[in-house]
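Inspection log for the structure reproduced underneath, given as structure tokens.
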Amino acid sequence: MKYYIVAILTGLILVQASGYAGSLVNGRWTPAQCGAEPEPPVINTTNIENFNRSVDAINAWQDRAMEYHACMVKEANADNELIAHTANQAQARLQAEINRLNAEAGKVRNELNK
């Protein structure tokens, strides 16, 4: 019975979290709502004009990278909060069920021992 309850609670947590959470694949978490991580530009050192264009590209990339970083941090914090909240709820529900069953078994034991 305990395993059945734990399986149901785990399923509910995954279903509830899937609408908000990033992805965890092979130990790597990626955000779901931040788009693709911006690719860093290549510095062109062939001449001063190309180098200056590279610096402009670096500056633009840094702006996009900072936006991505802020989004990633916000989503990671939200995912952490959701995981902690749903795990605490699952633990509380399971503990309540354990307590209920133990109390019921204790009551029956006391009645049978009379």
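Per the conditions (1) touching a helix residue (DSSP H, G or I) at 6+ places or on another chain (Cβ under 7 Å); (2) modelled with pLDDT of 95 or more; (3) part of a helix (DSSP H, G or I), the sole criterion not satisfied by ILE43 is (3). When CYS34 is tested against (1) in contact (Cβ under 8 Å) with a residue 40 or more places away in the chain; (2) in a helix (DSSP H, G or I); (3) within 20 Å of SER23 (Cα to Cα), just one condition goes unmet, and that condition is (2).
In the list GLU104, GLU81, GLU97, GLU67, which residue meets the criterion of being among the acidic types (Asp, Glu), assigned to a helix (DSSP H, G or I) and either on the phi > 0 side of the Ramachandran plot or in contact (Cβ under 8 Å) with a residue 60 or more places away in the chain (or both)? Before you say what the answer is, go through the steps one by one.
Numbers: GLU104 fails: either on the phi > 0 side of the Ramachandran plot or in contact (Cβ under 8 Å) with a residue 60 or more places away in the chain (or both); GLU81 fails: either on the phi > 0 side of the Ramachandran plot or in contact (Cβ under 8 Å) with a residue 60 or more places away in the chain (or both); GLU67 fails: either on the phi > 0 side of the Ramachandran plot or in contact (Cβ under 8 Å) with a residue 60 or more places away in the chain (or both).
Answer to the check: GLU97.
Which one of these is surrounded by 12 or more Cβ atoms within 10 Å (Cβ to Cβ), among the aliphatic types (A, V, I, L, M) and modelled with pLDDT of 95 or more: ILE83, ILE58, ILE5, ILE48?
Being surrounded by 12 or more Cβ atoms within 10 Å (Cβ to Cβ), among the aliphatic types (A, V, I, L, M) and modelled with pLDDT of 95 or more holds for just one of ILE83, ILE58, ILE5, ILE48, which is ILE58.
The values are calculated or read from the model by the stated rules, or taken from the named source; none is laboratory data. Everything numeric here is computed off the predicted structure, so don't read it as measured data. Ideal geometry is used to build each Cβ from the backbone, glycine not excepted, and the neighbour counts take in all protein chains shown.
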